[in-house]
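The values are calculated or read from the model by the stated rules, or taken from the named source; none is laboratory data. All of these numbers come straight from a predicted model, not from anything done at the bench. Cβ: placed from backbone, ideal geometry, glycine included. Neighbour counts: every protein chain shown. Just the protein is used for accessible areas: all its heavy atoms, side chains included, with ligands, DNA and RNA removed. Shrake-Rupley method; radii C 1.70, N 1.55, O 1.52, S 1.80 Å.
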Amino acid sequence: MSSDPGYDTYESTGAGWKTFAGIMVILVGVFNVIDGLRGVTNVSQLKNYFPNGNAELPLTNDLKTWSWVVLIIGVVMVLAGFLIFSGNMFGRIVGVFAASVNAIIQLSYIDHNPFWSFTIIVVDVLIIYGLVAHGGRLDEWSTE
């Protein structure tokens, strides 16, 4: 507890968690954009992570398709991060949705790059926790 009267207001609004979630959504989004661009422009480099150069991923084994998916999720996450900082409720919803989808996508890569995928999944869970549990009441968010 602090003697600062504004401290209790700051803590009760969940501003720290909102800030953390916004920063992490943008950071993970940038990581995904870089990873997606790397896959789109240089698929042969990504094939080194897979045994015999064959990708075994859910739905499709085409690495270029997965790279486009990761790239698009990254762009959505970056945009959601900026909306979260503006206090927009839509940004909060998109942030939770994008972090959830990203965790599922990263789960598909966990056999091929376990440390990176596990780390991103943990960050995605923290983002979801920060936006849902500490995001504050729904009527406190701007709907504009």
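Kindly sort Asp35, Asp124 by accessible area of their heavy atoms, largest first, with the probe set to 1.4 Å.
Asp35, Asp124
Surface listing: Phe115, Phe97, Phe85 arranged by accessible area from highest to lowest gives Phe115, Phe97, Phe85, probe 1.4 Å.
Among Val96, Val30, the sequence by solvent-accessible area, most first, with a 1.4 Å probe is Val30, Val96.
Taken along the Cα-to-beta-carbon direction at a fixed 7 Å, the label points for Val101 and Val125 span 2.2 nm.
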